[in-house]
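The values are calculated or read from the model by the stated rules, or taken from the named source; none is laboratory data. Since the structure is predicted, the reported quantities are computational estimates derived from the model, not experimental observations. Ideal geometry is used to build each Cβ from the backbone, glycine not excepted, and the neighbour counts take in all protein chains shown. Please note that ligands, DNA and RNA were not included when accessible areas were found on the heavy atoms of the full protein model with its side chains. Shrake-Rupley method; radii C 1.70, N 1.55, O 1.52, S 1.80 Å.
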Amino acid sequence: MATSVSMIPKIRDGLRATFRSGMTRPIAWRQHQLYQLARMAQNERELICDALKKDLGKPRTEVLMAEVGSIIERAVKSAQQLPEWAKTEYPEVADWQKPWKPTVYKAPRGTVLIVSPWNYPMILSFQPLIGAIAAGCTAVLKPSELVPTFSQLLAEIVPKYLDPNTYRVVNGAVPEISKLLELQWDHIFYTGNGRVARIIASAAAKHLTPLTLELGGKSPVIIDSAYDHDLAAKRILWGKCNNAGQICVAPDYVLVQRDKQDELVRAFQKHYNAFFPEGALDSPSFGSIVSDSHHKRLTSLLSRTKGDVVLQGRVDAARRRLEPTIVKNVAGGDSLLEEELFGPILPIVPVDSLDQAVDFVNARSHPLVLYAFSDKESVKQQLVSETQSGGIIFNDTFQQLAVHELPFAGVGESGYGYQVMKYTYDTFTQLRSSIDMPKEAEPYLAIRYPPHSEEAVKALTAAVHTPIPPSRQ
Ligand code: NAD
């Protein structure tokens with residue numbers, strides 16, 4: 001059920017009042033909310049699995065592994081690490097500045113808005129919320145209208161576990177989010193597509209609101225011709241099949257040496273048969289496409305490809321099912337290279353060299369992830385230095401998300417701002433600088449007051465003459 005539009009400003013004002021009351025300041029209070037969030041995920045996991053089965057046909061194991069389990073672990077670890085993260089810092093300074101007590105306070109940004117998408121609606125809602133809670137912010141969570149059962153469930157369970165004066169779920173679609181975006185927030189954290197990101201960024205600009213944009217794009221895979229193509233195919237197919245390819249970090253297309261293309265295709269066919277002996281159409285380990293319009297979008301892209309379909313996925317439009325479909329001999333300009341696929345279609349683009357693969361990637365927007373399969377350190381270093389992407393992952397797909405300590409972010413078209421654990425905490429934290437000048441410093445400061453003697457000018461401008469070391473190229 002959508003939140004009443006007229007209630008939205010009142011919700012924001014209420015959260016503001018809570019923030020100003022100082023209730024979220026004590027670390028122990030934040031830790032309690034984080035543990036409560038973990039308890040919610042643990043206790044309500046069956047309802048969460050049921051909701052995501054209904055909305056997305058998402059396999060239970062996937063939900064427990066990639067959504068519920070990750071949230072519990074990250075909420076608990078964030079609570080445990082929070083005292084360390086939140087420590088006031090005293091930077092190393094020159095001896096003569098030490099009496100000023102230079103200090104960096106970790107201040108919560110304030111009242112923040114989190115807008116999440118449908119594809120991993122649990123982790124993409126609570127991953128940012130964990131950081132907001134840890135930082136001491138109050139927050140509105142706006143889940144996606146494309147997962148209505150899940151979003152409704154959140155509206156019911158969140159107030160049972162988290163303080164309702166501090167964290168609120170607002171449900172709805174364009175009218176509700178438009179109202180949210182009219183208001184001033186102290187940070188907006190948006191995860192979703194680049195088109196809507198531009199609407200969010202324009203709204204944020206009106207209030208100079210700081211913004212995190214976690215977006216997507218076409219994440220390529222480059223396979224070095226010397227790499228084991230059978231292993232590469234297994235690891236790529238697994239990453240592609242999670243949530244039926246509806247993942248921001250899904251391998252979008254594969255660049256393979258031309259004379260290795262058929263070997264790769266045979267490996268994909270072999271591993272597909274091993275993963276789904278009866279096919280993926282009715283497999284409980286394979287999800288559905290989120291909506292009829294996305295299902296239509298995918299089948300339309302397939303109908304227009306000029307490539308050769310080598311693994312023909314069966315289609316069941318009524319149940320929004322689409323089996324993994326692999327297409328070889330795809331070239332620049334093909335329908336499958338037009339936009340982020342965000343579904344179980346995998347185009348293979350043959351190239352004549354690694355350099356050509358690099359050029360192909362560099363001719364397009366910066367992807368969220370660049371995947372590369374190679375045993376050679378020189379190839380890895382070439383890719384690190386000659387390409388740009390949010391992350392660069394060698395010899396696997398999707399698994400990088402299991403590492404809590406790595407920052408997650410895009411670059412260029414794939415977004416900006418960092419998240420996961422301490423990085424999310426930092427996103428919602430303002431580094432508030434301070435000095436506290438002692439009265440006793442007055443004799444040392446006397447030199448700064450006008451009128452300036454020649455000697456004073458010399459001392460005050462001494463930094464101009466800082467010796468610059470010779471640079472080595
Ligand atoms: P979506 O349609 O659920 O939209 C995301 C949010 O934007 C929703 O809460 C929705 O209410 C809101 N929204 C929709 N239309 C709006 C409008 N006109 N004005 C303001 N807000 C609006 O999800 P989506 O965008 O289809 O999500 C898929 C995209 O998200 C893909 O591009 C994917 O790569 C990207 N994604 C990125 C990450 C990441 O962490 N980088 C994670 C998941 C998904």
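Close Cβ contacts (under 7 Å, 6 or more residues apart or on different chains) running from residues in region 367-391 that are under 15 Å from V411 (Cα atoms) to residues that are modelled with pLDDT of 95 or more and loosely packed, with under 14 Cβ neighbours inside 10 Å comprise T387/N362.
For A28, the stated conditions hold: it is out of contact with any Ser or Thr (no Cβ under 9 Å at 6 or more places or on another chain) and either free of Cβ contacts under 8 Å to residues at least 24 places away in the same chain or not in a helix (DSSP H, G or I) (or both). Among the criteria (1) surrounded by 10 or more Cβ atoms within 10 Å (Cβ to Cβ); (2) on the phi < 0 side of the Ramachandran plot; (3) more than 16 Å from the ligand (Cβ to nearest atom), the one P407 does not fulfil is (3).
Inside region 104-123, residues that are within 13 Å of the ligand (Cβ to nearest atom) and surrounded by fewer than 24 Cβ atoms within 10 Å (Cβ to Cβ) make up a count of 3.
Among the residues of region 2-26, those that are of a type outside the set (K, R) and open to solvent by 50 Å² or more (accessible area, probe 1.4 Å) comprise A2, S4, V5, S6, M7, D13, A17, S21, M23, P26.
Within region 83-103, not a single residue is within 16 Å of the ligand (Cβ to nearest atom) and touching a strand residue (DSSP E or B) at 6+ places or on another chain (Cβ under 7 Å). Here V379 fits the description: open to solvent by less than 40 Å² (accessible area, probe 1.4 Å) and either more than 14 Å from the chain's Cα centre (by Cα) or within 16 Å of the ligand (Cβ to nearest atom) (or both). Only residues that are near the ligand (Cβ under 7 Å from one of its atoms), in a helix (DSSP H, G or I) and open to solvent by 60 Å² or more (accessible area, probe 1.4 Å) were counted across region 172-214, and they come to 2.
Condition check for E156 on (1) within 14 Å of the ligand (Cβ to nearest atom); (2) closer than 20 Å to I123 by Cβ; (3) charged (D, E, K, R); (4) out of contact with any Ser or Thr (no Cβ under 9 Å at 6 or more places or on another chain): one failure, at (1). Contact map, region 263-275: first residue assigned by TED's automatic domain parsing to the domain that holds P324 and without any contact (Cβ under 8 Å) to a residue 40 or more places away in the chain, second residue of a type in the set (S, T, N, Q) and not in a helix (DSSP H, G or I), Cβ cut-off under 9 Å, separation 6 or more or different chains; pairs are F275/S283; F275/S285.
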